[in-house]
Amino acid sequence: MDSASRQAENAAPSTAVIFNIMRFSTQDGPGIRTTVFFKGCPLSCWWCHNPESQRLQPELLYLEERCRHCGDCVAACPQHAIEQVNGTVRTSALCRRCGQCTEVCQAEARQIAGRRMTVGDVIAEIERDLVFFEESGGGVTLSGGEPLAQPRFVSALLGACRDRGIGTVLETCGYAPSGVFLDVALAAGLVLYDLKLMDPVKHKEYTGVSNRRILANLEELVARGRAVTVRIPVMPGINDTLDEIGQFARHLAALPVSRVELLPYHHIGAGKYKRLGLTYRLGDAPQPTAADLARFSDALTRAGLNVRVRL
Ligand code: SF4
Ligand code: SF4
């Protein structure tokens, strides 16, 4: 380990909250990848398909369809936070997310999303896949949530990967102070940069924050010659209007981005909202058709961009 990595690791918080480590991914960068999903995100996009990633702290999920109404969780909860009324199991705000109810639930209807891990814990998981990285040109992708919500830990993890010769990809929404953003992003081999909307008013409405900092950070990053793939989730009626597509095309064509990937919106995360006691604000919004995607892709291609639709 070089001295810079050792310093980063020493200065980093000892743990981060991670809600999943997915092996054998082929969607998050080149080759076969291990993707580490960090909890916590400064945005709250209406279409987010990982709502369990948004809050920084671990949280409890209840999968009603699995529940056998046995009452074991009610008896196990030290906070008396669970009650069963007329066959319905409810968890109150007294819950401290200790996880004891998940241990007694035979039906696996109760789960904790997010656990604290050290850099060493994460590296131990990653190293199980070294042989696949070597054979495929893959590596590790840091995703979320938003990795930049836990930036010092992420820097230490990137350094630990670099010391082991493991290639890294950072997937980010880019919403962080410029200095923090560049420190982390410049340490990654490739950045997958998520852009949602160009119109600042709509961006604030659908994500909860302005896109000014996001666009500025993207410009800073590409100005430093860093390889960047921009990813756009395609949401019919929200960011695929003629005006929005035109703004994406003009803005991105003026930057040296390596590639643009279009990610079709899908409903698969909708059920998770209920498990968390949250409302899914997009309801039954339509998914983009092949024609919708072709229209978006063609417009960006005509602007000179290298475009790929991820299905
Ligand atoms: S322990 Fe699990 S299956 Fe039993 S009532 Fe609680 S959530 Fe339902
Ligand atoms: S996570 Fe802990 S506090 Fe929350 S409901 Fe389960 S046992 Fe009770």
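A short reminder: the numbers here are calculations on the coordinates, not readings from a lab. What you are looking at is a predicted structure, and each value in this text was computed from that prediction instead of being measured. With ideal geometry, Cβ positions are generated from the backbone for all residues, glycine too; neighbour counts draw on all protein chains shown.
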Exercise. Could you please report the charge total around Glu52, scoring K, R as +1 and D, E as -1 over all other residues with beta-carbon less than 10 angstrom from its beta-carbon?
Key: +3
Quiz item: If Lys and Arg each add +1 and Asp and Glu each add -1, what is the summed charge of the other residues whose beta carbon sits under 13 Å from the beta carbon of Ile21?
Solution: 0
Exercise. Starting from the Cα of Arg152, step 7 Å along the direction of its Cβ; do the same at His80; then give the gap between the two resulting points in nm.
Key: 4.0 nm
Quiz prompt | FRET efficiency estimate (nearest 0.05) - Cβ-Cβ, Asp163 to Gln57, R0 30 angstrom | solution = 0.50
Exercise. Compute the relative contact order of the chain as a whole-number percentage, counting only Cα pairs closer than 8 Å that sit 6 or more residues apart in sequence.
Key: 19 percent
Exercise. Between Ser14 and Arg90, with labels modelled 7 Å along Cα→Cβ, what's the label distance in nm to one decimal, could you check?
Key: 4.0 nm
Quiz prompt | Scattering curve values for the range 115-213, log₁₀ I(q)/I(0), Debye with Cα scatterers, q = 0.13, 0.20, 0.22, 0.25 Å⁻¹ | solution = -0.51, -0.99, -1.12, -1.34
Quiz prompt | Dmax and Rg, reported as Rg then Dmax, of the range 23-72 (C-alpha, Å) | solution = 15.5, 47
Quiz item: Between Arg295 and Arg23, what is the spin-label point distance in nm, taking each point 7 Å from the Cα along the Cα→C-beta axis?
Solution: 4.4 nm
Quiz item: Which of Leu94, Leu170, Leu262 moves most in a GNM of the chain, Cα contacts under 10 Å?
Solution: Leu94
Exercise. Please report Rg over Rh for the chain, where both radii come from the alpha carbon positions and Rh follows the Kirkwood definition.
Key: 0.99
Self-check item: trypsin sites (Lys or Arg not before Pro) restricted to DSSP loop in the range 184-240 with at most 13 other C-beta within 10 Å
Solution: Arg224
Quiz item: Calculated FRET efficiency, Asp121 and Thr279, Cβ-Cβ r, R0 41 Å, to nearest 0.05?
Solution: 0.75
Quiz prompt | Antiparallel %, DSSP beta bridges [both residues in the chain], to 5 | solution = 35 percent
Quiz item: What order, most packed first, do the peptides 144-156, 34-46, 126-138, 173-185 have when packing is the mean number of other Cβ atoms within 10 Å of each residue?
Solution: 144-156, 34-46, 173-185, 126-138
Quiz item: Using the beta-carbon distance between Glu134 and Arg68 and R0 = 35 Å, what value does 1/(1 + (r/R0)^6) give for FRET efficiency, to the nearest 0.05?
Solution: 0.20
Practice problem: Using a cut-off of 10 Å between beta-carbons, work out the net charge of the residues near Phe296 (Lys and Arg +1, Asp and Glu -1, Phe296 not included). | Solution: -3
